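A.B. asks: Mind looking over this structure? Questions follow.
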Amino acid sequence: MLSHDVSAGQVLKPSDLRGAEVAAETGVVTLADRDTVLGHRARVPLVAGTLLASGQVGTRADFPPAGSSQVSFAVEPGGAPPDLSRGERVAVLPGPGPAEGGARQSEESAPAASVVAGTVTGVRAPESAGGPRVVTVLVETAAARRAAQLDRPRLVVLPVAGREAP
């Protein structure tokens, strides 16, 4: 079992793993096989508290997958739910800012083309009180440039079922 989050490409160390009792040993790295994965790289991001499968480690990272890119956003307080976590599907929208004539652009008037949908792969706490959190989102590579250009981004958690973006 993973003792804490491990980034794709990170070499596994003994402190990254801890023992756990599970009902089945098929498909997971057992305590007896622990040495077979130590020193290998995580092929994908690994989440604390999950069981480790041997296919999740190797000689190189396989993340992000082909056709996807990771984009990091500095999200100001109030720009995302406070309990935002890895694995959640989100829509990244441009934040409020000056529009033509000095008026503020509202969410309703934001062009739909500027909305980018993706999956949160990381959330880092602000470095100082009241500062921005860094949120990393896995998006389609075709949308990565547009996502990186969003000014003062806001993140909205998408429902499990339904439309992909507002």
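The values are calculated or read from the model by the stated rules, or taken from the named source; none is laboratory data. Quick caveat, the model's predicted, so the values are computed rather than measured. Every residue, glycine as well, gets a Cβ built from its backbone with ideal geometry; the counts of neighbours run over all protein chains shown. With ligands, DNA and RNA removed, areas are computed over all heavy atoms of the protein, side chains included. Shrake-Rupley method; radii C 1.70, N 1.55, O 1.52, S 1.80 Å.
A.B. asks: How many residues does the range 19-72 hold that are closer than 30 Å to VAL92 by Cα and hydrophobic (A, V, I, L, M, F, W, C)?
C.D. replies: Number satisfying all stated conditions: 9.
A.B. asks: Hey, could you check the range 49-61 for residues that are open to solvent by less than 50 Å² (accessible area, probe 1.4 Å) and touching a residue at least 40 places away in the same chain (Cβ under 8 Å) and say which is nearest to LEU84 (Cα to Cα)?
C.D. replies: Among them, the one singled out is GLY49.
A.B. asks: Exactly one of (1) closer than 22 Å to THR119 by Cβ; (2) more than 16 Å from the chain's Cα centre (by Cα); (3) open to solvent by 50 Å² or more (accessible area, probe 1.4 Å) is unmet by ASP83. Its number?
C.D. replies: Going through (1) closer than 22 Å to THR119 by Cβ; (2) more than 16 Å from the chain's Cα centre (by Cα); (3) open to solvent by 50 Å² or more (accessible area, probe 1.4 Å) one by one, ASP83 breaks only (2).
A.B. asks: Then there is this: Checking GLY131 against (1) touching a Pro at 6+ places or on another chain (Cβ under 6 Å); (2) more than 18 Å from SER69 (Cα to Cα); (3) surrounded by fewer than 18 Cβ atoms within 10 Å (Cβ to Cβ), which test does it fail?
C.D. replies: (1)
A.B. asks: Right, another one. Just a yes or no: is a residue in the range 28-48 among the small types (Gly, Ala, Ser), in contact with a Leu (Cβ under 8 Å, 6 or more places away or on another chain), open to solvent by 40 Å² or more (accessible area, probe 1.4 Å) and without any contact (Cβ under 8 Å) to a residue 60 or more places away in the chain?
C.D. replies: yes
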